[in-house]
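A.B. asks: Sharing a structure below in structure tokens format, with a few things to ask.
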Amino acid sequence: NKWGCTNNAYPKLVLNVLPVGLVGLMMAVMMAALMSSLSSAFNSSATIFTVDIWLRARPRASEREQVIVGRVVVAVLVGVSLCWLPVIKGSAGKELFVYIQTIQSYLAPPITMVFGLGILWPGLTSAGALSGLVIGFILGMAKFIAGNVYPAPRCGAVDDRPGFAKMHFMYYAMIIFGVCGLIMAVVSFFTEKIPRDELGGLTWSTINEPPISHGALGEEDDAEKTENGHVKRDSIELLKNGGKDETFDSPEDTGEEEKHKLSRSAIKPDKIKLTVVKFAEEDPIVKWFLRFLSFLLLLALLFLWVYYR
């Protein structure tokens, strides 16, 4: 039925079924959800560009400059989004929700695998994670390009596209997920491992080990308590300055050129350990009871999936 493949089905249902007062409320809710999703996507993209790209090119950029760059990035993204609307509209036989889920299924699996494998396996290396992300992105873009070269037929028409182009996006997402995990594991086995003492609090097996301080906000108080038992405030400042002692910035202040040379030399700071936040102890009876309920829930979901399949 062609009316089942249109973006107007849900709005028409709302307008014709709901009472007059609830129609306006539902429209307001839909618009609020749309604006929330767009603003979060634009703001996060602008933050990623400003922090990970712009600050690398201009590490001394002021806060005002960073704000201006973020606003410019948001404006560019809005323009790109408007230009992309004809592409979405031209996707034959695609509902808007299905289109969004399709794009996410091409991009999300490698990111999910990186987070999952990084938490569960301390042997994952940076090279392995980067390799999996790159391969996953290439696989996703290949399917996206194939879907645009061979567009889906109209609703109810025969789909005579090649098998790769008409493969369902959820099946392809599982393929990307598995391939990315395999690539990450293989590359990690042949690249340098991260020392275990640097993984404190970052993986499942090192969750109770003390993490290393990186000079972030809120770490000063904890780091002062433990640096192999003792740590000084100046060690935190040294860590924040990237390992450079900036006590003597100018030879004019001291009149000693040796101290000026010392300020230019990199000093490798000791690893500063933070205190471990202990998880609250859970009653064993409650723990096993919750596990049993989770198992029953999985069985119920499996039964519903098999019954209605």
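The values are calculated or read from the model by the stated rules, or taken from the named source; none is laboratory data. What you see is a predicted model, and the numbers here were worked out from it, not measured in a lab. No Cβ is skipped: glycine too gets one built from the backbone with ideal geometry, and neighbour counts run over all protein chains shown. Note: accessible area is taken over every heavy atom of the protein model, side chains too, but ligands, DNA and RNA are not part of it. Shrake-Rupley method; radii C 1.70, N 1.55, O 1.52, S 1.80 Å.
A.B. asks: For the stretch 145-161, give me each residue that is open to solvent by 40 Å² or more (accessible area, probe 1.4 Å) and among the hydrophobic types (A, V, I, L, M, F, W, C).
C.D. replies: Hits for the stretch 145-161 are I145, V149, C155, A157, V158.
A.B. asks: If you don't mind, there's one more thing I want to ask. If you go through the stretch 165-175 one residue at a time, do you hit one that is under 30 Å from I194 (Cβ atoms), open to solvent by 60 Å² or more (accessible area, probe 1.4 Å) and not in a loop (DSSP other than H, G, I, E, B)?
C.D. replies: Yes, because at least one residue in the stretch 165-175 is under 30 Å from I194 (Cβ atoms), open to solvent by 60 Å² or more (accessible area, probe 1.4 Å) and not in a loop (DSSP other than H, G, I, E, B).
A.B. asks: Taking the stretch 104-122, which residues are within 13 Å of T206 (Cα to Cα) and surrounded by 14 or more Cβ atoms within 10 Å (Cβ to Cβ)?
C.D. replies: If the condition is that a residue be within 13 Å of T206 (Cα to Cα) and surrounded by 14 or more Cβ atoms within 10 Å (Cβ to Cβ), then G118, I119, W121, P122 are the ones that fit.
A.B. asks: Moving on. Those residues that are loosely packed, with under 11 Cβ neighbours inside 10 Å and outside any loop (DSSP other than H, G, I, E, B), I need them from the stretch 39-65; list them, please.
C.D. replies: S40, S44, D52, R56, A57, E63, R64
A.B. asks: Using beta carbons and a limit of 8 Å, which pairs, at least six apart or on different chains, have the first residue in the stretch 152-175 and over 19 Å from F97 (Cα atoms) and the second one open to solvent by less than 50 Å² (accessible area, probe 1.4 Å) and in a loop (DSSP other than H, G, I, E, B)?
C.D. replies: A157/G93; D159/A152; D159/P153; D160/P153; R161/A152; R161/P153
A.B. asks: State whether one or more residues within the stretch 84-97 are surrounded by fewer than 18 Cβ atoms within 10 Å (Cβ to Cβ), touching a helix residue (DSSP H, G or I) at 6+ places or on another chain (Cβ under 8 Å) and on the phi > 0 side of the Ramachandran plot.
C.D. replies: Yes: one or more hits.
A.B. asks: May I pose another question? Is the stretch 125-138 home to any residue that is part of a loop (DSSP other than H, G, I, E, B), under 18 Å from the mean Cα position of the chain (by Cα) and within 30 Å of L199 (Cα to Cα)?
C.D. replies: Within the stretch 125-138 (the criterion being part of a loop (DSSP other than H, G, I, E, B), under 18 Å from the mean Cα position of the chain (by Cα) and within 30 Å of L199 (Cα to Cα)), the answer is yes, since at least one residue qualifies.
A.B. asks: Scan the stretch 24-61 for residues that are over 23 Å from the mean Cα position of the chain (by Cα), more than 30 Å from V14 (Cβ to Cβ) and among the hydrophobic types (A, V, I, L, M, F, W, C) and jot them down.
C.D. replies: Passing the criteria: only A61.
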